[in-house]
Structures are given as structure tokens and as C-alpha cells.
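J.: Encoded as C-alpha cells, here's the structure I'll be asking about.
The values are calculated or read from the model by the stated rules, or taken from the named source; none is laboratory data. Bear in mind that the values here come from a model prediction, so they are computed numbers and not experimental data. Positions of Cβ are generated from backbone atoms using ideal geometry, with glycine treated the same way; all protein chains shown enter the neighbour counts.
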Amino acid sequence: MILHICPEADWAAVPPDGEYTPPSLDDVGFVHCSDPGTVQFPAERVFAGRDDLLLLVVDPARLDVPVRWEPAEPPEPGAPWFPHVYGPIPVSAVVGTHAFPPGPDGTFRLPEPLHEFPRRAVDGVPNRADAAR
């Protein structure tokens, strides 16, 4: 499973049989995603101070577009790699949603129900199975 941070209103606007198409798809050609071990990095860097966020839990096997593990965009030396989805995300590929508010100290923490998913090592190098997707 991979995760995508999404404003609640954006997700609410997607029809039940539709596709989620965030602005990044037009801006950089892919949808920024994370895994459970790295989602706090973009959350704190891009969404600091926001309390209207959801985490979309996306099953890559339900996507009809490529998912590639690549360096962060924009590039950051030593940063972990992230999954990038090269097309819209159909609602049928979203297997769960979770509120994703910051804690009292302003930092983001993975919601408890998502602790069951494997966390990737934050070493900047995807494993071979991930890199092949």
C-alpha cells in the first residue's frame, strides 16, 4: 500500500466512480505518494499548519498506470525515495481513508490503523521489487 495526502474537500469532490486528479499531475506529471515510514516528511514540509487533510490508502495493484519509486521532487540529497503515480488515482484503487491532522506540537503522525502496514527503511534506496514497478 502507498499513501497520498489529500485535502478533505478535494477527495469529497471526486464522484464515487471517478478518479482523483490532483494538480501535481499537470504540474510535474505524477501524483506524489509516500509509504507509512515516510509520509510525515511531505506532510510537515508541504502541509504544515493544515488540519483538513486525509490520507488516502492506495493499492498499487488496482492502478492502471505506472508507479515508480523515485527521489523526492524537488530533489533533496539523502532524502528517501517516494512512490510516484503516473496518472489519476481511480476511487476503486483507494482502499481506505484516514483523517490526518497534525498533533498538538504541529507534527504529523501515522494514524494508528496504518501501523499494520510495512514501513520501508528510510535509506533513500527502494528495494528491487518496488523499483521494478
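J.: Hey, among the residues in region 101-124 that are modelled with pLDDT of 85 or more and charged (D, E, K, R), which one's nearest to LEU53 (Cα to Cα)?
T.: Looking at the filtered set, the residue picked out is ARG109.
J.: Quick one: in region 19-63, of everything that is touching a Lys or Arg at 6+ places or on another chain (Cβ under 9 Å) and of a type outside the set (Asp, Glu), which residue is farthest from GLU73 (Cα to Cα)?
T.: Step one: of region 19-63, the residues touching a Lys or Arg at 6+ places or on another chain (Cβ under 9 Å) are 30, 35-38, 40, 43, 60.
Subsequent filtering for residues that are of a type outside the set (Asp, Glu) retains 30, 36-38, 40, 43, 60.
Values: PHE30: 10, PRO36: 18, GLY37: 17, THR38: 14, GLN40: 15, ALA43: 14, PRO60: 20 Å.
Restricting to residues being touching a Lys or Arg at 6+ places or on another chain (Cβ under 9 Å) and of a type outside the set (Asp, Glu), the top hit is PRO60.
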